[in-house]
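Read through the structure below, which is laid out as structure tokens, and then see the notes.
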Amino acid sequence: MDERLVRVSKYLARHLRHQPENIGVELDAHGWVDIDTLLTAAASHGFPITRAELEQVVAGNDKRRYVVDGGRIRASQGHSVPVDLDLPVVAPPSVLYHGTVARNVEIIRAEGLRRMARHHVHLSQDRETATRVGARRGRPVVLVVDAAAMHAAGHEFRVSANGVWLVDHVPPGFIRW
């Protein structure tokens with residue numbers, strides 16, 4: 001993705017996941033906003049985005065961060081603003097992965113994985129994705145989550161449109177080091 005499209009993607013992430021109010025956009029209860037409304041708001045706040053650029057970002061994003069449904073768009077997951085993605089509870093694979101960095105390991109050992117400012121803890125179905133996620137902030141540490149045991153213990157899992165597994169919390173007893 002070229003530099004301009006990376007900037008567009010980051011702009012969309014900021015305003016569809018964290019700060020829609022900064023450009024005067026209101027997400028509906030499930031995180032959706034009308035595409036024309038979003039493009040108009042972006043332009044009026046000094047960051048014009050063409051429909052073609054938006055379509056390129058949605059289609060070309062390797063993480064499939066955005067979902068388009070007719071004339072509306074939303075972020076697949078990762079919101080810090082209140083939204084209900086309305087994802088069904090599903091049985092997870094037996095093992096999922098979480099990428100982090102070494103400086104977080106001690107607190108994770110004590111408290112498990114917490115959602116922090118987001119709605120869910122994000123888990124990956126493969127080690128490679130978790131490694132990439134952890135590498136964004138330093139040398140990655142990949143944690144193995146016993147998702148089957150968590151599910152059997154009553155924890156609810158959901159999976160976003162882009163394949164990210166979501167759970168409220170991963171207690172330390174379900175993490176393999």
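By counting other Cβ atoms within 10 Å of each Cβ, how are Val164, Val95 ranked from fewest to most?
Values: Val164 22, Val95 16.
With the fewest neighbours first, Val164, Val95 line up as Val95, Val164.
I want to make sure I understand the PRE zone here: with the label point 7 angstrom from the Cα of Asp168 toward its beta carbon, which residues in region 116-136 have backbone N atoms less than 14 Å away?
In region 116-136, the label zone of Asp168 (backbone N under 14 Å from the point 7 Å along Cα→Cβ) covers 116, 119-121.
Under 10 Å, Cα contacts only: if you run a Gaussian network model on the chain, which one of Gly60, Gly78, Gly99 comes out with the highest mean-square fluctuation?
Gly60
Between helix 35-44 and the chain, what is the angle of the helix's C-alpha long axis to the longest principal axis, kept within 0 to 90° and rounded to the nearest 10?
The helix 35-44 is inclined about 70 degrees to the chain.
Determine the distance separating the Cα centre of region 30-68 from the Cα centre of region 115-139; give it in Å without decimals.
Their Cα centres are 24 Å away from one another.
Rg and Dmax of region 105-170, Cα atoms, in Å?
When restricted to Cα atoms, region 105-170 yields Rg and Dmax of 11.9, 33 Å.
Scaled to the compact-protein estimate 2.2 N^0.38 Å, what is the alpha-carbon radius of gyration of the chain, rounded to two decimal places? Spell out each step's value before the answer.
Working: Rg = 17.2 Å, N = 177, 2.2 N^0.38 = 15.7 Å.
Ratio of Rg to 2.2 N^0.38 Å for the chain: 1.09.
Which of these, His45, His15, His122, has the largest mean-square fluctuation under a Gaussian network model of the chain (Cα springs below 10 Å)?
His45
What value, in deg cm²/dmol to 500, does the helix sum -39500 (n - 2.57) over DSSP H runs of n ≥ 4 give at 222 nm once divided by the residues of the chain? Please report the intermediate quantities before stating the final value.
Working: 6 runs with 53 residues, N = 177.
Using -39500 (n - 2.57) per qualifying helix, the result is -8500 deg cm²/dmol.
Nearest 10 degrees is fine. How inclined is helix 3-13 to the longest principal axis of the chain, computing both from alpha carbons?
70 degrees
Laboratory data are not the source of any read-out in this text; all were calculated from the coordinates shown. As the structure is a prediction and not an experimental result, all values here were calculated from the model. Glycine gets a Cβ as well: all are built from the backbone with ideal geometry, and neighbour counts include every protein chain shown.
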